[in-house]
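Every number here is computed from the coordinates shown, using simple stated rules; none is lab data. On a predicted model such as this, the values are computed, not experimentally measured, just so you know. Quick reminder, even Gly has a Cβ in these numbers, built from the backbone with ideal geometry, and neighbours come from all protein chains shown.
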Amino acid sequence: MQVSRKRLGWAALALGCTLGLSGASAPAGMRAILRALHGRVVYVDFWASWCVPCRESFPWMKALEHTYGRQGLSIVAVDLNHNRKNAERFLRVFRPDFTVIFDPSGRLAQRYRIIGMPTSFLIDRRGKIRFTHTGFFLRRRDQYEQQVRELLAQKP
């Protein structure tokens with residue numbers, strides 16, 4: 001099942017927000033997006049423009065979704081910048097083609113108990129968090145990718 005950005009947009013708009021979610025709507029918007037992606041493997045990444053490892057992870061995530069998107073992988077990046085302009089500058093440089101959610105209040109980060117930047121969660125097709133990564137390490141890319149392939153191989 002290919003999930004389009006349009007479908008994700010409709011899920012967010014149903015909650016009165018956009019893919020650039022913020023404030024009180026961010027947790028509800030995240031739930032709507034994850035519901036729209038049910039049946040897919042989802043890599044959720046919490047990041048900020050000031051995070052040096054985030055600058056390394058974005059090109060990797062972009063390549064990851066390009067490689068595995070047709071097999072059922074979706075990436076959702078949750079920005080935790082307090083100043084959205086900093087996030088927008090970062091995004092102009094890295095030009096992700098995956099979903100980005102803005103959470104300047106940090107409510108999603110609190111809900112997911114983020115303790116370091118970036119932090120990512122790999123969610124299986126049934127919606128269960130299967131792997132958590134605190135930090136992004138280039139030397140572990142193969143391990144991260146193997147975890148993605150493992151979850152993609154499982155049927156919903």
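Positive end of the dipole of region 107-151, charges at C-beta (+1 Lys, Arg; -1 Asp, Glu), about the Cα centre: which of 122, 143, 112 has its Cα farthest in that direction? The residue sitting farthest along the positive end of the dipole is 112.
Could you check the simple spin-label distance between residue 130 and residue 153, using points 7 Å along Cα→Cβ, in nm with one decimal? Computed distance between label sites residue 130 and residue 153 equals 1.0 nm. Give me the dipole magnitude in Debye, nearest 20, for region 63-144 about the Cα centre, with unit charges on the beta carbon: positive for Lys and Arg, negative for Asp and Glu. Dipole of region 63-144, to the nearest 20 debye: 140 debye. Ranking of 75, 129 by neighbouring Cβ atoms within 10 Å, starting from the fewest: 129, 75. Remark: spin-label model distance residue 70-residue 89 equals 3.8 nm, labels positioned 7 Å along the Cα→Cβ axis. Candidates 98, 67, 36 compared by Cα position along the dipole of region 19-153: farthest toward the positive end lies 36, with charges placed on Cβ. Here is the tail figure for region 19-153: Cα pairs spaced more than 28 Å apart come to 8 percent of all pairs.
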